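Derivation of every value follows stated rules applied to the coordinates shown; laboratory data play no part. Fair warning: this is a prediction, and the values are worked out from it, not measured in the lab. No Cβ is skipped: glycine too gets one built from the backbone with ideal geometry, and neighbour counts run over all protein chains shown.
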Amino acid sequence: MTNSQIGIIMGSDSDLPTMQDAIAVCTDFNIQCEVAIVSAHRTPGRMFDYAQSAHQRGIKVIIAGAGGAAHLPGMVASLTPLPVIGVPVASRHLQGLDSLYSIVQMPAGIPVATVAIGNAKNAGLLAVQILATSDGELLTKVQQYRQTLAQSVMDKQTKLEQ
Ligand code: RP5
């Protein structure tokens, strides 16, 4: 068992700068997450073990980031009953379009909730919102976060008018 509710995995350590935004959201909402490098292509056995055991270990949501031929989120989704959120990491040659298409074009039956290219922050927030459906305290925190977000827009408007 693990105390982490969110599993954040990525295909390579080169994905970490992008995935840090998801880790930061977990920290902000005081939710423990586990972070691991799990490559669909370079460590396929580790990917199978991770995905098949995650729900038994207490993980509730998996965030999976990958770039290029980004098969990690889809393969993990096929191996776990947990919701999987995919983060297309911007790739060196095709600016992440390849990552996006690889992650978003899942066949019917095996969904991956795909965020925008590089937007690991939204992946973290979506994971928090999923957990908040069964956690009233967390739901309140999500509502407070939204109020802060709205207030920051209004503060900018006020500055504009000065
Ligand atoms: C993917 O290949 C990883 O998710 C990463 O985005 C990409 C490149 O990996 P490295 O060659 O930088 O390790 O599996």
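Some observations on this one:
- Lys/Arg +1, Asp/Glu -1 at C-beta; segment 1-54 dipole; positive extreme among SER14, GLY45, ILE31: GLY45
- Cβ crowding within 10 Å averaged over residues, with 123-131, 143-151, 109-117 ranked highest first: 123-131, 109-117, 143-151
- Between the residues MET75, ILE63, SER134, the greatest Cα displacement towards the positive end of the dipole of the chain, with unit charges on the Cβ of Lys, Arg, Asp and Glu, is found for MET75.
- Helix 44-53 axis, angle to the chain major axis (alpha carbon atoms, nearest 10°): 60 degrees
- Look at where the Cα atoms of segment 1-47 and of segment 118-162 average out, and the two centres are 22 Å apart.
- Taking a Cβ cut-off of under 10 Å around VAL38, the surrounding Lys, Arg, Asp and Glu residues balance to a net charge of +1, with basic ones at +1 and acidic ones at -1.
- Compared with the dominant Cα axis of the chain, that is its longest principal axis, helix 120-132 is turned about 90°.
- Positive contributions from Lys and Arg (+1) and negative ones from Asp and Glu (-1), summed over other residues with Cβ under 13 Å from the Cβ of LEU79, come out at 0.
- Calculated [θ] (222 nm, deg cm²/dmol) that DSSP helices of n ≥ 4 give over the chain, each run adding -39,500 (n - 2.57): -15500 deg cm²/dmol
- Ignoring aspartates and glutamates fewer than eight residues from LYS141 along the same chain, the ones with Cα atoms less than 15 angstrom from its Cα are ASP28.
- Cα gyration tensor, the chain - rounded (a/c under 1.5), prolate or oblate: oblate
- What you get for segment 1-154, charging only the Cβ of Lys and Arg (+1) and of Asp and Glu (-1), is a dipole of about 100 debye around the Cα centre.
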